[in-house]
Amino acid sequence: MDDKNNKPIPLTESEAAEIRAAASHYPDPSAASIEALKIVQKHRRWVSDNNLQAVAELLGLSAAELDGIATFYNLIYRKPVGEKVIHYCDSVSCWMLGAERIREHISKRLGIGLGETTADGRFTLLPIVCLGACDRAPAMMIGDELYGDLDEASVDAILTREDRHG
Ligand code: FES
């Protein structure tokens, strides 16, 4: 569900129910924060300020507190993103093995820079810290899928496949 006309709508009943159910598994509300934000993101792709406020109220936290937690978690998006987010690894092992060349290739192929979304809304390109796949550097993640040992040809094949599916 997308927010229309820059007017984010509050949580739906089913989102609120999912968040309450998830929170019941945690000893305190702040421990459930990321899980709750992920639920919103699953339904809306990203977490607007109004959505964050609604989640904070539901969990009995302040919006500032919840925003602080969200900021430290790279996989919570606080700005609109495309259908698929490409997380390009921006850490040392990947730098040493050509990550910048790969990033440039992705940017050229999709016509977007870091933090931007393709005109068709399909892909967003974002940097991320070490993906824990340094032995397969350079690496990137799209959705839950981790891709390593990247070169220009494998990136082309991956982007073509990702564009066709889902
Ligand atoms: S530095 Fe890129 S996966 Fe570790």
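Laid out as a table, the results:
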{"item": "Furthest towards positive pole of dipole, Trp95, Ala36, Ala133, structure part the range 21-166, Cβ charges", "result": "Ala36"}
{"item": "Percent carbon-and-sulfur accessible area, the range 1-145, ignoring ligands, DNA and RNA, probe 1.4 Å", "result": "54 percent"}
{"item": "Centre separation in Å (Cα based) which lies between the range 41-66 and the range 89-153", "result": "28 Å"}
{"item": "Solvent exposure of the range 13-72 as accessible area per residue, Å², 1.4 Å probe", "result": "51 Å²"}
{"item": "Ranked order, Asp28, Asp49 - accessible area, probe 1.4 Å, largest first", "result": "Asp49, Asp28"}
{"item": "Solvent-accessible surface (1.4 angstrom probe) belonging to Glu18, in square angstrom, nearest 10", "result": "60 Å²"}
{"item": "Simple Cβ-charge dipole of the range 13-72, Lys/Arg +1 and Asp/Glu -1, about Cα centre, in debye nearest 20", "result": "240 debye"}
{"item": "Solvent-accessible surface ranking, highest first, for Ser24, Ser33 at 1.4 angstrom", "result": "Ser24, Ser33"}
{"item": "Percent RCO, i.e. relative contact order, over the chain, from Cα pairs under 8 Å lying at least 6 residues apart", "result": "18 percent"}
{"item": "Contact order relative to length of the range 84-164, as percent, for alpha carbon pairs under 8 angstrom and 6 or more apart", "result": "37 percent"}
{"item": "Gyration tensor (alpha-carbon) shape descriptor, the chain, a/c threshold 1.5", "result": "prolate"}
{"item": "Whole-number percent relative contact order across the range 13-72, with pairs defined as alpha carbons under 8 Å at least 6 apart", "result": "33 percent"}
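The values are calculated or read from the model by the stated rules, or taken from the named source; none is laboratory data. In this text the structure is predicted, and so the values were computed from the model without any measurement. Note that we place each Cβ from the backbone using ideal geometry, even for glycine, and neighbour counts take in every protein chain shown. For the accessible areas, the whole protein counts, side chains as well, though only heavy atoms, and no ligand, DNA or RNA atoms are used. Shrake-Rupley method; radii C 1.70, N 1.55, O 1.52, S 1.80 Å.
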